[in-house]
Structures are given as structure tokens and as C-alpha cells.
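Heads up: the structure comes next, in C-alpha cells.
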Amino acid sequence: MKFLHSLLALPLLAVAVPALAQEQDHAAHHQEESESQTTEAADTQAAGDKTQPEHGADHQMMDHSQMDGQQMDHSQMNHGSQEGSSHAGTAASGAMDHGSMPMSGMQSDDAQAPMDHSAMGHGAHTDHMTIPEGPPPPEAQQGPSFAADAFVGAEEMAASREAVTKEVSGTPVFWFQGDRFEYRMRDGDDGYLWDVQGYYGGDYNKLWFKSEGEGSFGESIETAEVQALWSRAIAPFFDFQAGVRQDFTGPERTHAVVGIQGLVPYQFEVDAAAFLSTKGDLTATIEGEVDQRITQRLILQPRGEISLSAQDIPELGIGAGIDTIEAGIRLRYEFAREFAPYIGIDQEWKLGNSRDFARAEGEDPSVTNYVIGVRFWF
């Protein structure tokens, strides 16, 4: 019976023995691969240990608490290889003291709230922004009016400044303006009017010329005059004028003229003059106008004029006191600054004895004119 069992086990042993041998071979192969990997890891670790101390030692020996972020020279730092820095940088980051690093006035994260900006220079200008009040100190007025006088001489410098003034501002300039050149529509006879003026000269002295007149179509000219005036600047916006005026209608008369012309505050243009004729008649006129800009090209201009006389002049239809008052308004459009057509309305009143003289001549002492004209200059 035992013999039978042994005989039956022989085939099983024949199968099991090769399988066992194969398992032993696999186990040995795995053991060899494990030993090989262990050896390679040891070699890699040894190689890393050789390169790590240079970079790691730099990080461990470097005192970051004494480093100034603005003066750090990165070109002299030995960062080593990529593999060494990946291991040593992590180990050294824990030793870095960011709280002790001077950051030009900035404090650590724990003290961010009470940050002192004055230490950073932002508040340094506040002490110098106070505007002084009161007049300048007395010593500021003790020096000479012109410092060059102390070196060259006051008389020589005065002559030099006068020559420069004449050269710069004394260049003669010609200017001509047709202030009113218009057609007048009114009850009865339509009429016309011209009012032109201009000058030639420099900033201080000029030769002014003016001409004004009016009439009705189909009739002789009612009034016409020409003035030639010497003008002298007496203020930044005012000229004193003196000269002669010649009348060409009615009884011809020549007048001496004295007046002022200029620009008063709020842009009112004023022209006031007194006239003394060769017959001893004293008269005066005052004119004023102002430009009100609606747009850069559309301009509304109110205008007024008053004529006065010291005595009655029956041959000219002028009464003593206020002779006439004229008020009007014109709306012009400047196609160019030098050329501007306009439309408007103008009202004339004769007062006092002048009104009586007008009625005696069969004239209406109050006249309304609807005007269309052009204003130009060059």
C-alpha cells in the first residue's frame, strides 16, 4: 500500500520540483534588482552629499538678518546645481529671518498697521508747503531796481533800455476798421451811414483818422466829417487824443479836438471827445459799445451815443444841453475776424431845443432805423 502511494506521488514531484526551482530563480532575480537599486541610490546620495555642502553651507552660514535687500549682490551667490538647490533651498528656508531684514523704513508683517511713512520720506515735503502770509521782508526792497546799474552804470543802462524799448515796441503799424457801414430802412426815406477809423504808429504814439457821416438816398448828405488826431498812450488801455476836425456839410466849420479813447473794465469801448469850432461853439460826444459773444462767431453788440452842446446853434439844428441820444443793438456773424455782416435796430431821439428845431424843419424828432451792414478791418 505504501509502495502504491509512493508510486502515485512521483508524477506530482516531477511537476512541483521545476515550479519550485523557477520560484527560487525569480526571488533571486528580485533580490539582485533590489540590491542594484540600493547601490544606485547610495551612489546618488553620495554624489548629492558632495555637491550639497557648497550650496547648503552657503545658506546655513549666510546671515539674512544682516542683509540689505537693496545692496544684495546676487552675482556673487553660488546657487550650485539645480538638483542641489532643490534639496538645500528647502532646508535653508526655515532659517531665513525675514523679520530682521531692513526694507528701507518698512517694518515686519506684525507691524504693518503702524507703518511710519515719514521715515520713508513721504512726509518730508509737508514742512515746506506752508505759504507765507504778509508783505515781503524789508531787506527784499533794499537792492537796486536794476542790478545791472551797479556794474555798468545807471545812466548808460537807462539809455540802453530806452533804445531797446523803441526797437521792440516802436515799429509802426497800420490798422483800418469800418465799424459801421450800413443801409438804414425807416419811415419815409431810407438812408445810409458810415463810421470808419484807423491809425498808423507804434505802441505809444499814433496818428489816428476818423470819418463819420449819414444821409438819405436821393438827397444831399446830411452830415460828413473827418478827424486827424495825434494819439498818446496814457494807460494800458487808454489813449489821449488831440487834433482837428473838419465838417463838409452845412456851414463849414473847423474844430479843435481833445478826447480819450480806450477800453474800460468789462470790455466797454469808449470814445469821448470835445470840439471847439472856429465860431466858438463848444460841443461834445460820448460813444460806448460792448461785444457780447453768443458763440465764437455770433456777436451781439449794444451801442449808445450822446451828443451835447454848450449853446444853441440854430444853423446846425443843435440845441443847448443834450442834443441827441442814439441807442441800438446789432447782431453780427464773423465769417472771418476781418469780415462780419450784421443786422440790427437803431433809435434816435432829439431832445430840448434840438427837438424844436427838427419840428420846425418838418422832421420827426424820433426816428427808428432798421439796419443791415458790414463790419470789416485790415
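Below is a table of values for the structure above.
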{"item": "Within the range 239-258, tally of residues that are at pLDDT below 95 and hydrophobic (A, V, I, L, M, F, W, C)", "result": "1"}
{"item": "Per-region count, the range 337-378, residues within 19 Å of Val290 (Cα to Cα) and of a type in the set (A, V, I, L, M)", "result": "6"}
{"item": "In the range 287-301, the residues that are loosely packed, with under 15 Cβ neighbours inside 10 Å and among the aliphatic types (A, V, I, L, M)", "result": "Ile294, Leu298"}
{"item": "Among the candidates Ala336, Ala273, residue that is surrounded by fewer than 17 Cβ atoms within 10 Å (Cβ to Cβ) and either touching a Pro at 6+ places or on another chain (Cβ under 7 Å) or of a type outside the set (S, T, N, Q) (or both)", "result": "Ala336"}
{"item": "Selection from the range 322-343 of residues that are touching a residue at least 40 places away in the same chain (Cβ under 8 Å) and either within 18 Å of Gly215 (Cβ to Cβ) or assigned to a strand (DSSP E or B) (or both)", "result": "Asp323, Gly328, Arg330, Arg332, Ala340, Tyr342"}
{"item": "Odd one out for Gln301, checked against (1) touching a Phe, Trp or Tyr at 6+ places or on another chain (Cβ under 9 Å); (2) not small (Gly, Ala, Ser); (3) not in a strand (DSSP E or B)", "result": "(3)"}
{"item": "Any pair with Cβ under 9 angstrom, 6 or more apart, that starts in the range 235-252 at a residue that is touching a residue at least 24 places away in the same chain (Cβ under 8 Å) and ends at one that is outside any strand (DSSP E or B) and among the polar types (S, T, N, Q)", "result": "Thr249/Ser220"}
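The values are calculated or read from the model by the stated rules, or taken from the named source; none is laboratory data. Quick caveat: nothing in here was measured; it's all calculated off a predicted structure. Backbone-built Cβ (ideal geometry, glycine too); neighbour counts: all protein chains shown.
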